[in-house]
Structure formats: structure tokens, C-alpha cells
1. Considering only helices (runs of 4 or more DSSP H) fully contained in segment 101-215, which possess at least 3 residues that are at pLDDT 95 or above and under 16 Å from the mean Cα position of the chain (by Cα)?
2. Identify all residues within segment 92-133 that are within 21 Å of residue 45 (Cβ to Cβ) and surrounded by fewer than 16 Cβ atoms within 10 Å (Cβ to Cβ); write none if there are none.
3. Any chance segment 160-167 includes a residue that's closer than 17 Å to residue 9 by Cβ, outside the structural domain of residue 113 (by TED's automatic domain parsing) and crowded, with 17+ Cβ neighbours inside 10 Å?
4. Inside segment 1-90, counting only helices (runs of 4 or more DSSP H) that do not spill past its ends, which hold 1 or more residues that are within 30 Å of residue 205 (Cβ to Cβ)?
5. Of all residues in segment 2-11 being modelled with pLDDT of 95 or more and exposed (fewer than 14 other Cβ atoms within 10 Å of the Cβ), which is nearest to residue 92 (Cα to Cα)?
6. Which ones in segment 13-56 are at pLDDT below 95 and more than 16 Å from the chain's Cα centre (by Cα)?
């Protein structure tokens, strides 16, 4: 098993990334917790850019749970048709809207546990909404976070769930949400999946992949 970053080294890496991406934040456009929930559901296996194109017009007319309940499943499907897996996502949006109205007084729940009771909302989506909309400390492990955490050497895990648990042990709780955004920004701009731009990377001297495979 390869040597991983210590907690001190992990903190140093995040400090460097903070200097690189001081404006790192959720790139899904939204104006409310509910809009964020819808956008995050749409973002599964779809780029934030595509989601923002879809929601830029959609949210002007439909931005509450009641709006989507009144729209109905087929009309939601039509609105999000350019997004991958749109039928499943439309069902999640419709059923989540229904449950929010019936069980949460029309307000998106604030805890990760309650968010995960919404249809189609898994741990990653719940973490994104809870942390971004309500300030709950959480690390949402999407494809970028999973790739970077294991490539750089924060953790050495085989799946998303174990990666999240390991990251929570490696990083201070107060930095969980910030770490999530920083890793995503770095993954999209430098540490890309197929061709990481190691020559441009400011954390390469800490990166286990670079130290072993490149240098």
C-alpha cells in the first residue's frame, strides 16, 4: 500500500489549493435550496455547464416544489430532455417536490439524513445541498473528488463511500465543505481524468501520483 498524505500534509495541500482557487464554490446556478436540489439531481452524469443551460430558463418560471407538482411528470421530462437520464431525473424531481410539500411544509429539509429520504436523493446530492445551502459540514464525493483524493494520496480507497469516510478522518471537519469545492475546481482545471496537467500543478510536489508516476 502506497504512503498517504499525513493530516499535516493534507492541510498544506488544501492551503495551496485555496491560494489557487480563492473563489471556488458550487458552480450550479441557483437562488434557493430547492433550485440547488433540482440542479444537483440534474447534474448526475451531466456537466454543470449543461445543467446551467437547462435551468437558466426553467428556473425563471418554475422554482418551487408546487410548480413542479403542478407541471406533472411528462412536462418536467420535456423541460429537461437535453439532460442525460432525464426520465429518471424528472421522476426524482416530481416525487421529491411532492414529499417536500406533504412532509416538510414546502421547505427543503436541512439535514443530510432528511434529505436522503427524498426520492432519488443519495448521499452525494444530500451532502451538496446540506453543505452549500445550509452550511452543514460535508464532503460530497463526486467523480472529481473521488479521482483527486485517491490520485493525490489523501486516501487509498476503491469506492465513493469509503473515500468519503476516509476523507472525513483525514481532513478537519471545519474544512470539509471547502475541501470539496477546492478539489472539484482543481479536477476540472488541472488534474483532469485522462491527461492531468502535472506541469501546471501547484501541489505536484505533494502528489503521490506525480512523485511516483511522472517525476
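The values are calculated or read from the model by the stated rules, or taken from the named source; none is laboratory data. Keep in mind it's a predicted model, so treat the numbers as computed, not measured. Counting neighbours? That spans all protein chains shown, and the Cβs are built from the backbone with ideal geometry, glycine included.
1. The qualifying helices (runs of 4 or more DSSP H) are 123-134, 143-152, 160-170, 176-189.
2. 116, 119, 122
3. Looking only at segment 160-167, we keep the residues that are closer than 17 Å to residue 9 by Cβ, and these are 166-167.
Cutting the leftovers down to outside the structural domain of residue 113 (by TED's automatic domain parsing) gives us 166-167.
Subsequent filtering for residues that are crowded, with 17+ Cβ neighbours inside 10 Å retains 166-167.
So far as segment 160-167 goes, yes, one or more of its residues are closer than 17 Å to residue 9 by Cβ, outside the structural domain of residue 113 (by TED's automatic domain parsing) and crowded, with 17+ Cβ neighbours inside 10 Å.
4. On the way: elements: 7-20, 33-42, 48-61, 65-71, 73-79.
Helices (runs of 4 or more DSSP H) meeting the threshold: 7-20, 48-61.
5. 7
6. Selection gives nothing.
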